[in-house]
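Here is the structure we will look at, set down as structure tokens.
Rule-based calculations on the coordinates, nothing more; no lab input. Please read all numbers here as calculations on a predicted model, not as lab measurements. Here the Cβ positions follow ideal geometry from the backbone for every residue, glycine too, while neighbour counts run over all protein chains shown.
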Amino acid sequence: MLNTIYNDAESRMKKCIENLQSTLMKVRTGRAHPSLLDSIKVPYYGTDTPLNQVANVSITDSRTISVSPFEKNLVSAVEKAILSSDLGLNPVTVGTLIRVPLPPLSEERRKELIKHVKSEGESSKLAVRNVRRDANTQLKDALKDKNISEDEERQGQDKIQKLTDKYVEEIDKILGHKEAELLEV
């Protein structure tokens, strides 16, 4: 019973970390990275398809992403999708190759991005704490139903708290790394 609650809490906390990491991958740091365009969908035969499934996305240099659609007729659709995304990028088309230059980040924009990263981190910490609350509620219910003793409930709560502290610390490390990345010029 206790292991089930503990394992469920741990897997849900891991998902919080994975969600934070995938969200932070979309935050532009000034360096080109193919995952920056992962959220872009391109209309392909009537279906919105992820960009990396209809084109080859690669890095030309530290500030330029190259997109090479698999079909020639997709060039304009890919260009429109990149332009209409909320990333603020302006693609340049040369034949069938689309180059996406990343403009350097201003100091003001860096501070905005750091605020955004911190708010995402706080949301993740809140999600981890909600998992802790749910696990503690399950422990109390098990105690109420006389499935576990009071000592086992107390030990379970301590174990869940240590798990929560571990994942909150991991979130702080991820945020610190992303902030350092954003402040790099």
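Data for the structure
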| quantity | calculated |
| --- | --- |
| D_trans [Stokes-Einstein, Kirkwood Rh over alpha-carbon pairs] for segment 34-101, 4 °C, 1.567 mPa s, µm² s⁻¹ | 111 |
| Calculated FRET value between Lys115 and Gln53, using beta carbons and R₀ = 30 Å, to 0.05 | 0.35 |
| Length added when fully stretched, Asn3-Tyr45, from 0.36 nm per residue minus Cα-Cα | 10.3 nm |
| GluC sites (Glu not before Pro) restricted to segment 25-108 and DSSP loop, no more than 14 other C-beta within 10 Å | Glu71 |
| Residue-count net charge about Gly95 - beta-carbon cut-off 13 Å; Lys, Arg +1, Asp, Glu -1 | +1 |
| Charge tally in the Cβ shell below 14 Å around Lys159, where Lys, Arg are +1 and Asp, Glu are -1, Lys159 excluded | -3 |
| Rule-of-thumb Rg ratio for the chain [Cα; 2.2 N^0.38 Å; N residues] | 1.39 |
| Unit charges at the beta carbon, dipole of segment 27-133: most positive-side option, Ser124, Leu87, Tyr44 | Ser124 |
| In segment 1-68, the chymotrypsin sites (Phe, Trp or Tyr not before Pro) that fall in loop regions by DSSP, at most 13 other Cβ within 10 Å | Tyr45 |
| Spin-label pair Asp158/Lys14, simplified geometry with 7 Å Cα→Cβ offset, distance in nm | 2.5 |
| Order of Asp8, Asp145 - criterion: other Cβ atoms within 10 Å of each residue's Cβ, fewest first | Asp145, Asp8 |
